[in-house]
Amino acid sequence: MKIIVRLYGVLRDLVGREILELSCEYYECVLYRIFEKIVQTYPELKNYINVVDKEIYVRGVNIIINGRHIMFYDINEIVKEDLLIDILPPVSGGS
């Protein structure tokens, strides 16, 4: 399974890349394991994303998976399709 992770703003600057490409075997393709793999591969993201006891903890970022917010997913279910994950820092500005 193919997983594309797009990083924006400060997250892109921390990791030094805008697009991360990962893959997983069928038994690994559970959302919490995918995020464990992302954070293990890119430890710069640990201040924003942590996985503890099969739970994903997010601080200061929004995670969108295939166009839907992560809160609408069962993070323990096996994923059966390719994933496009967008990790966005808080948006500010205006006036």
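Any read-out appearing in this document is the output of simple, stated calculations on the displayed coordinates, not a laboratory observation. Model, not experiment: these values are computed from the prediction. Counting neighbours? That spans all protein chains shown, and the Cβs are built from the backbone with ideal geometry, glycine included.
Odds and ends about this structure:
- The chain - charge dipole about Cα centre, Lys and Arg +1 at Cβ, Asp and Glu -1, debye rounded to 20: 200 debye
- Each peptide in 43-50, 29-36, 16-23 receives the mean, over its residues, of other Cβ atoms within 10 Å, and ordering these scores from highest gives 29-36, 43-50, 16-23.
- Helix-only [θ]222 nm of the chain, DSSP H runs n ≥ 4, -39500 (n - 2.57) each, per residue, nearest 500: -5500 deg cm²/dmol
- Rounded to whole numbers, the Karplus 3J(HN,Hα) couplings from phi for the range 4-16 are 10, 10, 9, 10, 10, x, 4, 5, 4, 5, 5, 7, x Hz, using 6.51 cos²θ - 1.76 cosθ + 1.60 with θ = phi - 60°, and x at Gly and Pro.
- For Cα extents along the principal axes in Å, the value computed from the atomic coordinates appears in the list (1) 31, 29, 27; (2) 40, 30, 20; (3) 46, 26, 24 under label (3).
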